[in-house]
1. Give me the angle, in degrees from 0 to 90, between the Cα long axis of helix 11-24 and the longest principal axis of the Cα atoms of the chain, rounded to the nearest 10.
2. Do me a favour and compute the ellipsoid semi-axes for the chain from its Cα gyration tensor, root of five times each eigenvalue, largest one first, whole Å.
3. Estimate the FRET efficiency between residue 75 and residue 107 by the formula 1/(1 + (r/R0)^6), using the beta-carbon distance for r and 25 Å for R0, to the nearest 0.05.
4. For the chain, take the longest principal axis of its alpha carbons; what is the angle in degrees between that and the long axis of helix 102-112, to the nearest 10 within 0 to 90?
5. Mean residue ellipticity at 222 nm from the helices of the chain, using -39,500 (n - 2.57) per DSSP H segment of n ≥ 4 over the full residue count, to the nearest 500 deg cm²/dmol?
6. Report, largest value first, the span of the C-alpha coordinates of the stretch 1-63 along each principal axis, in whole Å.
7. Between helix 81-97 and the chain, what is the angle of the helix's C-alpha long axis to the longest principal axis, kept within 0 to 90° and rounded to the nearest 10?
């Protein structure tokens, strides 16, 4: 997981996105516990409050579950990578319809992100 402190995206959103991606990529499976927030904060180079805020967001989305004495674990309601892939396909199709090449589309995505 990489966090970019110079990005306009708030740190807690970057942390939440990194955790979502780890779940989608199978690095954290349903039922598995996440490392303690302080450990995640140290690895990511952010304040532990930033990680706590991200974890609460993911809990509210139903992706994580908090258990007293057991920590934070991944629920079975993991985010779907297929939704992102489907939207990417739609974007590529739209770009083709308007005559954009793939490299031009990449530039547009980099400009808006």
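1. Taking Cα atoms only, the helix is inclined about 90 degrees.
2. 31, 18, 10
3. 0.10
4. Between the helix axis and the principal axis of the chain, the angle is about 50 degrees.
5. -17500 deg cm²/dmol, from helical runs alone.
6. 32, 20, 20
7. Helix 81-97 sits roughly 20 degrees off the main axis of the chain.
Read the figures in this text as sums done on the coordinates, not as results from a lab. Because the structure is a prediction, the values reported are computed rather than measured. Backbone-built Cβ (ideal geometry, glycine too); neighbour counts: all protein chains shown.
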